[in-house]
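These notes are about the structure you will find just below.
Where a number appears in this text, it was derived from the coordinates with a stated rule and is not lab data. These numbers were taken from a predicted model, which means no experiment stands behind them.
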Amino acid sequence: MSLDVSPQLLAEAENGQVRDQDFMETVRTSLPYAYDLIARLADELRSGSAEFADNQTPPPSEKERGQLLRALSSDAIRAGLERHFGITLAFQNCHRVAAFRPEDRGGETHTRFTSPRAQILNQSPELRDC
């Protein structure tokens, strides 16, 4: 299970729409490593002039790796993180996630980062079983 959903949030979902802020709070507390990593990348992107900010450091354990994989493999969680932080995410392997400015989605750098060539070049033997 990816998220620890409170009874209040479950009731909210059963009765209609879930507020983004409530959903993001659940993501933050359920997947703290993933949330904090995305927050850090968003801050780096906003504070710098680079076209994107990315993480190339493997998670400290499989627990954290699992959090990142769950966050980025869920359309709802990934889209919620993008809305919350005002970024576009791109993901290449078990830990290389990048934050782009939304207006740069589909641009040259984003397209290059998300290309099959980049995916192949970003592989290594230690990442094959992640």
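Numbers below:
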quantity	calculated
222 nm mean residue ellipticity, helices alone, for the chain (DSSP H n ≥ 4; -39,500 (n - 2.57); rounded to 500)	-16000 deg cm²/dmol
The chain, relative contact order [Cα under 8 Å, separation at least 6], %	22 percent
The stretch 1-94 - Rg over Rh from alpha carbon coordinates, Kirkwood radius	0.99
